[in-house]
Structure formats: structure tokens, C-alpha cells
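K.L.:
Take a look at this one; I'll ask things after.
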Amino acid sequence: MDTKNIILLALSLVLLLKVAQSFDYKDEDLASEESLRSLYERWRSHHTVSRSLTEKAQRFNVFKENLKHIHNVNQKDKPYKLKLNKFADMTNHEFIQHYGGSKVSHYRMLHGPRRLTRFSHEDTDNLPAFVDWRKKGAVTAVKDQGKCGSCWAFSSVAAVEGINKIKSGELVSLSEQELVDCNSANHGCDGGLMEQAFNFIEKNGGLTTETNYPYGARDGSCDSAKLNAPMVTIDGYEMVPANDEVALMKAVANQPISIAIDAGGRDFQFYSEGVFTGDCGTELNHGVALVGYGVAQDGTKYWIVKNSWGSEWGENGFLRMERGIEAEEGICGITLEASYPIKNPISLAKDEL
């Protein structure tokens, strides 16, 4: 096979893979109850969703309501679109319970106000118009937290992976499960705070790799043998001043950072592409990573956010959220709970000493 045919075959496989990973509906699917049932069965098959006969009837009604919402929103002139993703037969309440489980606002009340720290990026000048740490090789592939409220761990790990790449030149995928099992100041699948995770990593002498301590999407007992095999260290953390989008830009211009947002909105549940401008509040219930910012072709300013709901959600697991709004807390409270790890260039893991 010559080079040209090999390239064509490779392109064809890529296109087939994209088709296989996507799921959409047509207007005729909404025409009747029968066509809707057929669509639901195809959706279940695509996402390998198993339901009992009794549950299917209930879930089908939820699916129809969600489809109606998705269709109505997509008919409007909004800068973002929704789609029938893997959450399509879950109510919004169920979705928030399973996937918005960080409960940052709740644990902030339990642990007291944000710790006051220095903000070492304060003097960052001449901010670039575009920042995307993915293009600089400082962001690992999108991961999937599953039905475990461990988003705080994924948010923290993404920030540590990023600063480690910046300081050491090596991108290492780190273990969220170690934080879920061993970080007792947080609450595993029941939520937590990113700053508590950073504190644990610093005090423990580092965090091990995802390969060494793989993710299980459930609470488990701390594996002390793996706990004592740290691969990447940090030297503390700092908080980004709240209610300040410029400060947030300064922080992410220097490194990927951890943030918390209100991800409980119905549009957020089914977000597919574009710059998200949907309704949301400031009930911080989900931890994510901020990995850049930019400006869309229509002039809309946006943040680039790495999520932990798998690569089929949103823009291959990422989303763009509106930047530069009037409210000082930013869209979905994006400025309220931002933090980042500190790593000095000479910091080494225990096994390197």
C-alpha cells in the first residue's frame, strides 16, 4: 500500500471513530411516540445503558423531557449548543447528585473562610490575548470521574500535572485515587476542597502516578505502599484573589489552576460546543481545571476549562465559558474559589533524593 492510500485509510478511520463516538437526533425522531422510543433505544445502545423494564418506562419519560429541552435551546440564537450525551435519561437533580458532588460551598462553610495567601502572579504584566496550556503540552488527556463526587481530586491533580510539566519538562498523569483514599481532610466520593488536596500532597511528600494507583470511581482504603511512592512533589499552594477576573487571567497565564463552579444547570448537563453563557448561580458544586482563555470569532471572550466527565461530554471533554461578564464573581462563580500549587525547580520526589 502506497503512502497516499495509507494516509487516506488513516483519515477514514479517524472519521469513523468520530462518527462512532457521536450521537445526535433528527427532527423526524421527534415526530411520534414510536420514533422517540426508537431514538431512546438507539441512545441506550450507543451509551451501553442498561435499564430494567420498570425503570425504562420512567427513564424514557425523563429522556423525552431532556430531549425537548435540548431541542428548544438549540433552536435559539445562543453561542453554544446542547446534545444528547450520556446523561440524557437522568433528571437534573440526579445529575447534580452524582456529578456535581464537590460540595465546595458546603465544605467551605465547614472548614472556614479561604486561607489568605500571597498571590505570586500579581505582578504579571502584558497578558497575552490567548493562553492554552494544552498546546504547550501541560494538560493530560481528559479523565472520567464516574458516579463519584471526586471532581475536587481531578481538579487538583490537573493543576499539579500542569505545574510539574512547566517546572520539570515532563507531563506525568497522576493519581486521583490516592487523594480519594488517603486525603482524610477531604471526603472522597462525597466531595472536598482543592486546597486541602494541595496541602495533603505537600505534607505527604508528593503524589504517585495514575498507573501506580489507578482510579476506581469509588471510596477505598488507603494503600500505604503506594502512598509511600510519590513521583511528583509540590511546595505549597496559593489562592487567587476572589471576584477578580484579571487576577484569574494572571494566574492561568502562568500555569493551569484549580477552580470551582456551579455546574448544576440543565444546559451545563448537556453542553456540547461553543461558548457557554447559560444560566447558573454561585452554588459551587464542581471542581474543574482552568487551562487557558481566548476570544471567539464573534468577539466573545472565554475561559478554557478541563472537565472530568469523559471525552464525549462537551468539546472533547473541555468547555469554553464566557469571560468578562459584569458580575465580579464571573460566570457560574468561576472567580470565587481558585487556587494553584507552587513547585520550586529544585523540588524533588523522595525517591530522587
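The values are calculated or read from the model by the stated rules, or taken from the named source; none is laboratory data. What you are looking at is a predicted structure, and each value in this text was computed from that prediction instead of being measured. Note that each Cβ is placed from the backbone with ideal geometry, even for glycine, and that neighbours are counted across all protein chains shown. When the accessible area is computed, the model is the full protein with side chains, heavy atoms only, and any ligands, DNA or RNA have been set aside. Shrake-Rupley method; radii C 1.70, N 1.55, O 1.52, S 1.80 Å.
K.L.:
Give me the one-decimal Kirkwood hydrodynamic radius in Å for region 253-297, with the sum taken over alpha-carbon pairs.
P.N.:
Working: mean 1/r = 0.0830 Å⁻¹.
Final number for the Kirkwood radius of region 253-297 is 12.0 Å.
K.L.:
Another question about this same structure. If you count only protein heavy atoms with a 1.4 Å probe, what accessible area per residue comes out for the chain, rounded to a whole Å²? Numbers along the way, then the final one.
P.N.:
Numbers: 16490 Å² over 353 residues.
That works out to 47 Å² per residue.
K.L.:
Continuing with this model, one more query. How high is the relative contact order of region 26-123, in percent, counting Cα pairs under 8 Å that sit 6 or more residues apart? If you can, show how the numbers build up before the last one.
P.N.:
On the way: 36 pairs, mean separation 18.2, N = 98.
Averaging sequence separation for qualifying contacts and normalising by length gives 19 percent for region 26-123.
K.L.:
Now for a different question. Distance check, please: which entries in Lys103/Lys147; Lys26/Lys56; Lys68/Lys301; Lys226/Lys306; Lys81/Lys143 exceed 20 angstrom between their Cα atoms? Numbers along the way, then the final one.
P.N.:
On the way: Lys103/Lys147 14 Å; Lys26/Lys56 22 Å; Lys68/Lys301 29 Å; Lys226/Lys306 27 Å; Lys81/Lys143 22 Å.
The answer is Lys26/Lys56; Lys68/Lys301; Lys226/Lys306; Lys81/Lys143.
K.L.:
Just to be sure I follow: if Rg is taken over the C-alpha atoms of region 235-311 and Rh is the Kirkwood radius over the same atoms, what is Rg/Rh? Numbers along the way, then the final one.
P.N.:
Working: Rg = 13.1 Å, Rh = 13.8 Å.
Answer for region 235-311: 0.95.
K.L.:
A follow-up question, please. Could you sort His106, His286, His121, His46 by accessible area so the largest value comes first, with the probe set to 1.4 Å? Can you show the working numbers first?
P.N.:
Values: His106 80, His286 0, His121 25, His46 55 Å².
Output order, biggest surface exposure first: His106, His46, His121, His286.
K.L.:
Tell me which cysteines of the chain come out unpaired when the rule is another cysteine's Cβ under 4.7 Å.
P.N.:
Singleton cysteines: Cys151.
K.L.:
Using a 1.4 Å probe on the protein chains only, how many percent of the accessible area of the chain belongs to carbon and sulfur? Intermediate results must be reported in sequence, preceding the final value.
P.N.:
On the way: 8290 of 16490 Å².
Here carbon and sulfur together make up 50 percent of the probe-accessible area.
K.L.:
Can you tell me the order of 53-65, 134-146 when each peptide is scored by its average per-residue count of other Cβ atoms within 10 angstrom, highest first?
P.N.:
Ranked from most to least packed, the peptides come out as 134-146, 53-65.
K.L.:
Keeping all protein chains in position, work out how much accessible area Asp123 exposes to a 1.4 Å probe, and write it in Å² to the nearest 10.
P.N.:
130
K.L.:
Same structure, new question: May I ask for the net charge around Gly324, where only other residues with Cβ less than 15 Å from the Cβ of Gly324 are counted and Lys, Arg are +1 while Asp, Glu are -1?
P.N.:
Values: positive: Lys250, Lys301, Arg320, Arg323; negative: Asp244, Glu245, Asp298, Glu322, Glu326, Glu328, Glu329.
For residues surrounding Gly324, the net value is -3.
K.L.:
Count charges around Glu202 for me, please; just the other residues with Cβ under 11 Å from its Cβ, Lys/Arg as +1, Asp/Glu as -1.
P.N.:
Values: positive: Lys203, Lys343; negative: Glu195, Asp235.
Neighbour charge sum, excluding Glu202 itself: 0.
K.L.:
What residue among Ser50, Ser150, Ser175 shows peak mean-square fluctuation when the chain is described by a Gaussian network model with Cα springs under 10 Å?
P.N.:
Of the options given, Ser50 has the highest mean-square fluctuation.
K.L.:
Could I ask something else about it? Just Thr124, Thr209, Thr282 to compare: in a GNM of the chain, with alpha carbon springs under 10 Å, which one fluctuates most?
P.N.:
Of the options given, Thr124 has the highest mean-square fluctuation.
K.L.:
With the alpha-carbon atoms as the only input, what is the per residue convex hull volume for region 43-101 in Å³?
P.N.:
Details: hull volume 5.6 nm³, N = 59.
Normalising the Cα hull of region 43-101 by residue number yields 94 Å³.
K.L.:
Pop the C-beta distance of Arg118 and Ser184 into the FRET formula with R0 = 25 Å and round what comes out to the nearest 0.05.
P.N.:
Numbers: r = 27 Å, r/R0 = 1.08.
Step by step, r from the Cβ atoms, then E = 0.40.
K.L.:
Just add up the charged neighbours of Leu84: K/R +1, D/E -1, any other residue whose Cβ is under 12 Å from the Cβ of Leu84. Mind showing how you got there, number by number?
P.N.:
Values: positive: Lys26, Arg42, Arg44, Lys64, Lys68, Lys81, Lys83, Lys86; negative: Asp24, Asp29, Asp89, Glu312.
In short, +4.
K.L.:
For the chain, place one equal point scatterer on every Cα, skip the solvent, and apply the Debye formula. What is log10 of I(q)/I(0) at q = 0.10, 0.13, 0.14 Å⁻¹?
P.N.:
Each listed q corresponds, in turn, to -0.64, -1.03, -1.16.
K.L.:
Further question: Per residue of region 204-218, in order, report the coupling 6.51 cos²θ - 1.76 cosθ + 1.60 (Karplus, θ = phi - 60°) as ³J(HN,Hα) in whole Hz, putting x for Gly and Pro.
P.N.:
With the stated coefficients, region 204-218 comes to 7, x, x, 10, 7, 7, 4, 4, 6, 9, x, 6, x, 6, 7 Hz.
K.L.:
Å³ per residue of the Cα convex hull, for region 220-269?
P.N.:
Working: hull volume 8.6 nm³, N = 50.
Enclosed volume per residue, from the Cα hull, is 172 Å³.
K.L.:
Using a 10 angstrom cutoff on alpha carbons, build the Gaussian network for the chain and name the most mobile of Ser258, Ser339, Ser173.
P.N.:
Result: Ser173 has the largest fluctuation of those listed.
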